[in-house]
1. For the subset of region B:27-51 comprising residues that are of a type in the set (Ser, Thr, Tyr) and at the interface with another protein chain (Cβ under 10 Å from one of its Cβ atoms), which member is surrounded by the fewest Cβ atoms within 10 Å (Cβ to Cβ)?
2. Please give the strands (runs of 3 or more DSSP E) falling wholly within region A:1-43 in which 1 or more residues are open to solvent by 50 Å² or more (accessible area, probe 1.4 Å) and not polar (S, T, N, Q).
3. What number goes with the only condition from (1) part of a loop (DSSP other than H, G, I, E, B); (2) closer than 16 Å to A:Ala93 by Cβ; (3) of a type outside the set (S, T, N, Q) that A:Phe49 does not pass?
4. Quick check: is even one residue across region B:64-79 assigned to a loop (DSSP other than H, G, I, E, B) and of a type in the set (A, V, I, L, M, F, W, C)?
5. Of all residues in region B:66-103, how many are of a type outside the set (S, T, N, Q) and within 14 Å of chain A (Cβ to nearest Cβ)?
6. Looking only at residues in region B:54-112 that are in contact (Cβ under 8 Å) with a residue 40 or more places away in the chain and charged (D, E, K, R), which one is surrounded by the fewest Cβ atoms within 10 Å (Cβ to Cβ)?
7. Suppose we keep only residues that are out of contact with any strand residue (DSSP E or B) (no Cβ under 7 Å at 6 or more places or on another chain), open to solvent by 40 Å² or more (accessible area, probe 1.4 Å) and of a type outside the set (A, V, I, L, M) within region A:44-59. Which one would you say is farthest from the other protein chains (Cβ to nearest Cβ)?
Amino acid sequence: GAGVSQSPSNKVTEKGKDVELRCDPISGHTALYWYRQSLGQGLEFLIYFQGNSAPDKSGLPSDRFSAERTGGSVSTLTIQRTQQEDSAVYLCASSSPTELSYEQYFGPGTRLTVT
Amino acid sequence: KQEVTQIPAALSVPEGENLVLNCSFTDSAIYNLQWFRQDPGKGLTSLLLIQSSQREQTSGRLNASLDKSSGRSTLYIAASQPGDSATYLCALASGGSYIPTFGRGTSLIVHP
């Protein structure tokens, strides 16, 4: 079946603008994760959604970052008043607790460049 | 707090060599351990997942082992090929959390 998809694949924005990044998880996967990968850095956890539970937002770096998940499926990560340090690849992953293993499947990422 | 270390950070080998990538962790109360491959400019591709109750998993030329008592996992790649060139990351879910902690990865180059 279809894997995790993300859009756009690339986004260039001016400093101070707001951006929205979209993630479509694998159908039926109730767990969804957002990560950030800066150049030369490891994966940084941002936020985790599991079913109808309150999301774990412990990784969001500032209040300029927010995310929502509508209908338990598609998720949108919003960055307000973008800064140059927000430039990174934003990765989304999903998993299914029913598989017990919680194996993560990643999307191709959105490369964000703030000029 | 779980800490994950991958050694070496970079590795360059000639084609055909067997090689071992290492992943060490500090909290042995893990739920699972997953090895990923990341090609430049791409997302992560899952290679192998080992659940806490398992000792190893195999897929083709890849074998991953898990030793919780020593806090180590290894990814063995047999008969390496130039197409294996990529960054390899390990990730562990532990401490009752399903949010994995990732290592920084090992950048592998296999030259012809």
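1. Just the residues of region B:27-51 that are of a type in the set (Ser, Thr, Tyr), to begin with: B:28, B:31, B:45-46.
Right, trim to at the interface with another protein chain (Cβ under 10 Å from one of its Cβ atoms) and you get B:31, B:45-46.
Working: B:Tyr31: 17, B:Thr45: 14, B:Ser46: 16.
Per the criteria, the residue is B:Thr45.
2. Counting at least 1 such residues, we get A:10-13, A:19-24.
3. (1)
4. Residues of region B:64-79 assigned to a loop (DSSP other than H, G, I, E, B): B:68-71, B:78-79.
Among the residues that remain, those that are also of a type in the set (A, V, I, L, M, F, W, C) are: B:78-79.
Yes, region B:64-79 contains a residue that is assigned to a loop (DSSP other than H, G, I, E, B) and of a type in the set (A, V, I, L, M, F, W, C).
5. Going residue by residue through region B:66-103, those that are of a type outside the set (S, T, N, Q) are B:66-68, B:71-72, B:75-79, B:82-84, B:86, B:88-93, B:95-96, B:98-100, B:102-103.
Cutting the leftovers down to within 14 Å of chain A (Cβ to nearest Cβ) gives us B:66, B:86, B:88-93, B:95-96, B:98-100, B:102-103.
Qualifying residue count for the region: 15.
6. Per the criteria, the residue is B:Arg72.
7. The first filter runs over region A:44-59 and keeps only residues out of contact with any strand residue (DSSP E or B) (no Cβ under 7 Å at 6 or more places or on another chain), leaving A:51-54, A:58.
This time we only want the ones that are open to solvent by 40 Å² or more (accessible area, probe 1.4 Å), so: A:52-54, A:58.
From the residues that got through so far, the ones that are of a type outside the set (A, V, I, L, M) too are A:52-53, A:58.
Values: A:Asn52: 15, A:Ser53: 11, A:Ser58: 8 Å.
Among those residues, the one meeting the criterion is A:Asn52.
The values are calculated or read from the model by the stated rules, or taken from the named source; none is laboratory data. Because the structure is a prediction, the values reported are computed rather than measured. Because the Cβ atoms are built from the backbone with ideal geometry, glycine has one as well, and the counts that use them run over all protein chains shown. Each accessible area value is taken on the protein alone, full model and side chains, heavy atoms only, with ligands, DNA and RNA left out. Shrake-Rupley method; radii C 1.70, N 1.55, O 1.52, S 1.80 Å.
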